[in-house]
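A short worksheet on the structure shown next.
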Amino acid sequence: MSDNILKVENIKKSFGGVEALKGVSLEIRKGEIHCLAGENGCGKSTLIKIVSGVYEADEGSIELDGKSFSRMSPMDAIARGVQVIYQDFSVFPNLTVMENLALNMELMAERKLVSYKRIRAIASEALAKLGVDLDLEERVENLSVANRQLIAICRALLHDAKLVIMDEPTTALTKREVKALFAIIKRLQAEGISILFVSHKLDEVFEISERYTIFRNGQNVATGETSGLDRKAFVRYMTGREFSEESYRPAKQGEVVLAAKNLSLTGAFKDLSFELRAGEILGITGLLGSGRTELVQTLFGIYKPDSGEVQVRGKRVRIRGVKSAIRMGIGYVPADRLTEGLFLPQSIVRNIVVSKLDRLSGLFGVLKGKAIGAEVEKWVRELSIATNDPSLPVQTLSGGNQQKVVLARWLANDLSVLILNGPTVGVDIGSKYDIHALLRSLAERGLAIIVISDDLPEVLACTSRILVMRGGGIAEVLDPASTTEQRLGEISTGVA
Amino acid sequence: MINMRRMAKRSEPYVFGAIVLLCLLIQVQSKQFFTGNNLVDLARSMIVPALFSIGAMMVIVSGGIDVSFPAIASLAMYATDRILLNVNYSGNVMLAYAMAAGFGLAMGAVNALLIGVLRLPTLVVTLGTSSLFTGIMQGALAASESPVPPSILAHGKEKLFTATNTQLGLTSDMPSQILILLGALLLVFLLLRYTMLGRGIYAIGGDEAAARRAGFNVVGVKVFIYCFVGAMAGVTGMVRASMMMNAHPTNLLGMEMTVIAAVVLGGTRVTGGLGTLTGTMLGVALMIILSNSLILIGIPTYWTRVFTGAVIIIGTGVTAWQAGGSGRRLASSGTGL
Amino acid sequence: MKKGLVKLLALLLVLAVATPLVAQVGKSSKPSKDWKIALVPKDSTNAWFVRMEVGVKQYAKDTGLNAFQKGPAKTDAAMQAQVIQDLIAQGVDAICVVPVDPAALEPVLGEALKKGIVVVTHEASFQENTMYDIEAFNNADYGAFIMDNLAKAMGQKGLYTTMVGHVTNASHNEWADGGVAHQKATYPGMTLLAAEPRVESEDNLEKAYERAKELFKKYPNLKGIMGTSSKDAPGVARAIEEMGLKGKVFVSGTGLPNENKTFLKDGTLAAATLWDPKDAGYALCSLATKILKGEPIADGLNLKLKGYESMHFAPGSKKVLLGSGWIVIDKKNVDSFGF
C-alpha cells in the first residue's frame, strides 16, 4: 500500500481540439490537506471531473487508494472513497435536511421504498459525524449558505469518504463561516480523511493547506510544502508574472478635493468627518452594515444626508443626485460590476462613452463619430484593455477587463474623485494586480480615489490611508504601512 | 412551537381559511351550504377536476407543466367508448377503465418520449400533443357526442348513498366514481411519500442536476410521470363519461386552466419541487365551491366571471406573495454556524 | 390606376343600391359543377351539427353539387373564424355559417363578401356581413312555443326562470326574451324569478345539471326552467330526477330526441322542442345555390323543403328570412327521428 490516496500522472484531456489538460500530475497523501490552485480556466475543474469519474481522461493513469484505473465511472470513484463537494453543493433546496442527507445513501443501496425512520437515523448519524445540530425537518432552502455546505459535507462523509474534494468552497461564505469551515476541515483530517481544497484565494491556501499544487494553462507549475511557499512565489506561479507588494505612497501632499463634515444618515452612519486629498488612495473597510456603502453612496448623490455637509475643493455643495455628483467630478463604480455597471450585450465603445455622450455630440445631439473613436482608443490604450476590436460586446471580455471598461467610462468624465466599491471581487489574481497598478498610476496623476473592500490584503496593498468604520462611525484611521490584517479585523469587529 | 412557525409558511392554512370564509358567506346568503345534499353535490362536482389536479400537481412538482391532460382524457374516453359500442360490449365496466387507462398511457408515453428522452420544453410539447390528440379525435374518429355502452350507463347510475336535505326534502346521490378519486389519492399519496420514485419527482423538481448526481434516474422518473399522468387522465375521461352517461368529445377541453389554477392555489410551487395532495385538494375544493355556489350566494349570472376572476387573482397572488416572502428571507438569512 | 379605382367604387355603389331590387349580387360566372359550397357549423363534434351535415350531404346528393360541411373542433369563435379564413383561401364560392359569436365573425365574413363569395348565415339575425340569414322560425315565436310547453306542464302558474348557453348568445336570448314576453301576455299566473332571471349552462350538460341543482336549493319555490340550448333540458331533467323533484318542478326547451329519450319516456321532461338541423343545413345550401344562380330572393321564397316552403322576411328586415320549421318531440314520436 502506498502513502497516496490519489495519484494521477500525465493526464491529458481535450474538448473539441482544445487541450484543457496537457499532461498534469497530482499526488495527494493520506490524511493531508492539499490545495489545488490556479487561475480560472487553468484546468482545475476538468481534473476534478476526471478524478470523480465524470469525464474520462484521454491519456494518463489514475490510482485511487492503491488501485489503478484505466476507465473509471462515478460509482467506482465513490466506492473508492472519493466525494466531491460542488460549488453549488448539489443539494435539494425543496427537501428537508434529513432527506438531503440520506437520499444518496438510499439510492446507493438501491432502495425502492422510503422509510422515514431509516432516513432520520442516517441523517442523525451524518450530522453526528461533525457534531452539527440542525433541525432535520427544516427545508434546506431556509438554511444559510454555510449550513447548506455543512449538509453537503455531512452527506459526503456517509459514504466512507477517504478523499473529499472541495471546489471553491469559500466563495459564498462570510469570514466567520470560512473559519468554521476550516475547523471542520481540520477535524476531517484528524479522522484520516484527505482533503483536496480547490481555491485561488491565496490567504486560504496558506491558512489551511499542508501541500499545494498549482496549475497554469493545463500544466503543472509547482507543487510542494505550503510552508516553503511565500505570497510572491504563489502569485508568480499562478500568473506567471511578478508584482510588487509595496504599499502606495503619494509623491506629494495634494489639495483637499472632497471633505465630509459631521455627515449623518439615519440608520446608516452618524457624524462622520474626513478629508480626501488629490493623489491619495483612501481605503474604507468595515463589516457589512458598518455604513461604509451608504457613506459613499451619499457622496455620490444616491442618498440625501440628514445633516452635515459635503465640500468639494473647499466649497460647500449640495449633491442633489447622481447627475449632480458627476458634474462635480465624483464617480462611483458599484460593487457588482456585472449587474450594476455595464450594459453587457452592448459594445465596448458604447459602454465607455455612455456617460459622456452629451459632450461628444454636436448640434441637435448628433454624435461625433471621430471624437468618440479617439476617446475610446485613448482609454483602451491607457488602461491596456485586452481587445482588438472595441465594437465587440463587453461580455466578451474577461472579468478584469470588464472592470477596466467601467473605469474607462468614469475616467472619460474628467473626474477628480473616483469611488470604487469592491473593485476586484470575482477577478482573478493577475487582473487584480493589474487593477491595483492602474489605480496607483491614476492616483499619481492627481486623481483622488476611495476604495471600499472586504479584502484586507487588498486594502493594505493598494491604499495610502485606511479608514475603518464600525457601527456607522469611524473607528480609526490607519497607515497601511504600519498595520496588519489582524489589527484591521480586530478594529472592524470591535474586539480590540 | 417550531411546527407552528413551519405551518405559517405553508399555504394550506390560508387556502383552508379562504374556504371556511367562503362557506360561511354561502351559508349566510343561502342557508343551504351545510346541508347533506349540498355537500354531496359539491363532492360530486369535485371528482373530475380533483382527479385531473392530482396528475397536474405531480407534473408541476417535477418542474414541468402539462396542458394536454384534457385532450388525452377526451380521446382515451372517446376511443374506448366507440370501440365498446362497435362490439356491442355489455360486460364489466372495469374493462372500459382499463382500456381508457391504456390509451391514456400510450398518449402519455408520447409526452414522455418528447420531454423525458428528447428533453424538449414541457409546455411546448404538451401544447403540441394536446392539439394533436384533439385533431385525431376530429379527423380520424370524426368524433361527435355519442351514447355509452349499457354497462357504463348502469355504472353511471350507481350511487353509494343518497343525502337528503331535511329543510327542502331535496335529495342528491353520491356517485360511486368518488371511490376512484379516493383510490387515486391514496395511491399517489403512498407513491409520493413512501417510494424513492416519488421522492425522485420532488428531487428533480428541486434541482435536476443534483438529482442526476445523487443517482436518480432522471429520464426514467420523467418517463414514469408522463405515462402515469396520461393513464390517470384516461381513467378520468371514463369517469366523466360514465357520470354524464354520455361520451362528449370536447366538453373537457379548456379545463386545464381551471385545474392548474387550483393546483397553484393549493400551494404547489410553479417552478417545481413543492406541492402536496392536501393543498391541491383544498385548491380544487375552493375552485369548485366557488363555481358551484355563485347562484347560492346570489350573484347574477352577468357578474360571475368578474367574481371568479377576482378570487383567482387574489388567491394566486397571495400564494405568489408568500413565495416572494420566502425568497426575501433567504436573501437576508444570516450566518448559520 | 386611380381611374380604375373610381370605376370600381362607382360599380360597387350601383350594386349596393341595386341589391334589394334585383338580388343579382353573388351570381357566379362559373359553371355550377365547379361551385364549392361550404357550411361552417359551431362545433363539428356536436350531435346537432352532425345532424346538420346529414342535410348538407343530402343536398349534395340530390343536386350533384359540391356542398360540404367543415367546422371548428370545439365551440370557439376564434377557431371558427380560422376555418372561414381557410375556406376563403381555398376559393370556395359560397359560405354558409352558424356563428358562435356573430360579432367576432364580422371582419372575416366582410372579407369573404369583398372577395365576391356568397355568405348566408343561420341563427344570427343581427349579422351585418351576410347576404341573408335563415331562421327556421321567428325567434320570438319559437320562444313563445317553448313557453307554451312549460306553462302546460306547470299548470300555468308558479315561479320560473330561463337558461341560455351563454348570455352573449343572440338566438338563445331572443328565444328566452320571446318566452318571457309571451308568459307576461298570456300566463298571468306565472312569475319570472327576479334575482336570477337568466342563468348560463355554457352549452354543457354537466353545467346545466349543476346550475339547476343550485337553483332548486336556493329557490325552493321555483317550479320551472325554460331551457334554450340543447343541453339545458336534459341537464335540468337529470337534476330534477336526482333531487326527487319529479312532478314538482318542470323543464322545457330545445332538445335532441336521443339525448332526451329517457326523460321523455319517464315523464321528467314533458316535451322537447326542436327544428331539424338537417333541414336547416339543406335549406342553407339551397339558398346559397339560388344566389349563385342569380335567382331573385323575395318574400315567399320557396326552398322546396318542409317548413321552408314559404319563407318571409322578418318585419323591417330585408335580410332575415323566417320559416316555420319547428317540431315537438314527446313520448310518442321520440323514436321516429333516428338521431
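One residue stands out among those in segment C:157-197 that are of a type in the set (Asp, Glu) and closer than 20 Å to residue C:135 by Cβ: the one that is nearest to the other protein chains (Cβ to nearest Cβ), which is C:177. The one condition from (1) part of a helix (DSSP H, G or I); (2) more than 14 Å from chain A (Cβ to nearest Cβ); (3) small (Gly, Ala, Ser); (4) in contact (Cβ under 8 Å) with a residue 40 or more places away in the chain that residue B:205 does not meet is (2).
No other residue among C:103, C:124, C:89 is of a type outside the set (Val, Ile, Thr) and touching a helix residue (DSSP H, G or I) at 6+ places or on another chain (Cβ under 8 Å) apart from C:124. In the condition set (1) modelled with pLDDT under 95; (2) part of a helix (DSSP H, G or I); (3) more than 11 Å from chain C (Cβ to nearest Cβ), residue B:34 is compliant with all but (2).
Every residue, every condition in (1) at pLDDT 85 or above; (2) closer than 26 Å to residue A:215 by Cβ, yes or no:
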site	(1), (2)
A:392	no, no
A:409	no, no
A:413	no, no
A:428	no, yes
A:455	no, yes
A:462	yes, no
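Among residues of segment A:102-114 that are more than 7 Å from every other protein chain (Cβ to nearest Cβ), those with a Cβ under 6 angstrom from a residue that is at pLDDT 90 or above and part of a helix (DSSP H, G or I), sequence gap 6+ or separate chain, pair up as A:102/A:119; A:102/A:122; A:102/A:123; A:105/A:122. Scanning segment B:140-149 for residues that are at pLDDT below 90, over 24 Å from the mean Cα position of the chain (by Cα) and either more than 15 Å from residue B:75 (Cβ to Cβ) or facing another protein chain (nearest Cβ under 9 Å) (or both) yields B:142, B:143, B:144, B:146, B:147.
If I ask for residues that are more than 10 Å from chain B (Cβ to nearest Cβ), in contact with a helix residue (DSSP H, G or I) (Cβ under 7 Å, 6 or more places away or on another chain) and part of a helix (DSSP H, G or I), which ones from segment A:115-137 would you list? Once the filter is applied, which keeps residues that are more than 10 Å from chain B (Cβ to nearest Cβ), in contact with a helix residue (DSSP H, G or I) (Cβ under 7 Å, 6 or more places away or on another chain) and part of a helix (DSSP H, G or I), segment A:115-137 yields A:120, A:122, A:123, A:126, A:127, A:129, A:130.
Are any residues in segment C:140-158 in contact with a helix residue (DSSP H, G or I) (Cβ under 6 Å, 6 or more places away or on another chain) and crowded, with 19+ Cβ neighbours inside 10 Å, and if so, which ones?
At the first step, the residues of segment C:140-158 found to be in contact with a helix residue (DSSP H, G or I) (Cβ under 6 Å, 6 or more places away or on another chain) are C:140, C:142-144, C:146-147.
C:142, C:143, C:144, C:146, C:147 - these are the residues of segment C:140-158 that are in contact with a helix residue (DSSP H, G or I) (Cβ under 6 Å, 6 or more places away or on another chain) and crowded, with 19+ Cβ neighbours inside 10 Å.
Within segment C:235-254, residues that are crowded, with 24+ Cβ neighbours inside 10 Å have Cβ atoms under 6 Å from residues that are assigned to a helix (DSSP H, G or I) and among the acidic types (Asp, Glu) in these pairs: C:253/C:232, counting only partners at least 6 apart in sequence or on another chain. Residues that are of a type in the set (Val, Ile, Thr) and in a strand (DSSP E or B) were ranked within segment A:451-485; the one that is surrounded by the fewest Cβ atoms within 10 Å (Cβ to Cβ) is A:477.
A single entry from B:266, B:215, B:254, B:272 fulfils the requirement of being touching a residue at least 60 places away in the same chain (Cβ under 8 Å) and within 14 Å of chain A (Cβ to nearest Cβ): B:272. Scanning segment B:166-174 for residues that are in a helix (DSSP H, G or I) and under 30 Å from residue B:33 (Cβ atoms) turns up nothing.
Here is a yes/no grid of residues against (1) within 11 Å of the chain's Cα centre (by Cα); (2) under 20 Å from residue C:76 (Cβ atoms):
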position: C:114; (1), (2): no, no
position: C:117; (1), (2): no, no
position: C:126; (1), (2): no, no
position: C:134; (1), (2): yes, no
position: C:147; (1), (2): no, no
position: C:162; (1), (2): no, no
position: C:169; (1), (2): yes, yes
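Is at least one residue of segment B:90-102 surrounded by fewer than 24 Cβ atoms within 10 Å (Cβ to Cβ), of a type outside the set (A, V, I, L, M, F, W, C), part of a helix (DSSP H, G or I) and touching a strand residue (DSSP E or B) at 6+ places or on another chain (Cβ under 6 Å)?
Of all residues in segment B:90-102, those surrounded by fewer than 24 Cβ atoms within 10 Å (Cβ to Cβ) come to B:90-95, B:97-99, B:101-102.
Retained after the next criterion (residues that are of a type outside the set (A, V, I, L, M, F, W, C)): B:90-92, B:97, B:102.
From what is left, the residues that are part of a helix (DSSP H, G or I) are B:97, B:102.
With the extra rule that they be touching a strand residue (DSSP E or B) at 6+ places or on another chain (Cβ under 6 Å), the set shrinks to none.
No, segment B:90-102 has no match at all.
In segment A:121-130 there is no residue matching the filter, namely being closer than 28 Å to residue A:38 by Cα, under 32 Å from the mean Cα position of the chain (by Cα) and modelled with pLDDT under 90.
The values are calculated or read from the model by the stated rules, or taken from the named source; none is laboratory data. If you're wondering where the values come from, they're calculated on a predicted model, not measured in any experiment. As a convention, Cβ positions derive from the backbone with ideal geometry for all residues, glycine included, and neighbour counts pool all protein chains shown.
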